[in-house]
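Working notes, beginning with the structure itself.
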Amino acid sequence: MKQPKSQIDKRYEDKHKEERKAAHAVWGTSMKREDFEELNKFLKSHHIQKVQLIYAGWTALKEQLNTNNSEGGKQF
């Protein structure tokens, strides 16, 4: 008899759990509900994934800090 897809998926997930944990990180963060909803609405309307936002923000922040450091400015 064929196993249900949920059982097959669970076995796969259990088997590859350590592999996934070694390759990826998850941030458990929180923000104001109003900001969260506005951000989600913005991302959805522009077809942007949250991980794209993180990388774009990180890149912009690094550039900003490099500019500030080279000008002798305050970091934050």
Ile54 being part of a loop (DSSP other than H, G, I, E, B) and either surrounded by 10 or more Cβ atoms within 10 Å (Cβ to Cβ) or within 17 Å of the chain's Cα centre (by Cα) (or both): no
Residue count, segment 21-49 (criterion: assigned to a helix (DSSP H, G or I), at pLDDT below 95 and open to solvent by 100 Å² or more (accessible area, probe 1.4 Å)): 1
Where a residue in segment 51-69 is under 24 Å from Thr29 (Cα atoms) and its partner, wherever it lies, is surrounded by 10 or more Cβ atoms within 10 Å (Cβ to Cβ), with Cβ under 7 Å and at least six apart: Leu53/Leu43
Subset tally (residues that are outside any helix (DSSP H, G or I) and either open to solvent by less than 100 Å² (accessible area, probe 1.4 Å) or aromatic (Phe, Trp, Tyr) (or both)) for segment 1-20: 2
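The values are calculated or read from the model by the stated rules, or taken from the named source; none is laboratory data. Just so it is clear, the model here is predicted, and its values are computed rather than measured. Heads up, the Cβs are rebuilt from the backbone with ideal geometry, glycines too, and the neighbour counts pull from every protein chain shown. Please note that ligands, DNA and RNA were not included when accessible areas were found on the heavy atoms of the full protein model with its side chains. Shrake-Rupley method; radii C 1.70, N 1.55, O 1.52, S 1.80 Å.
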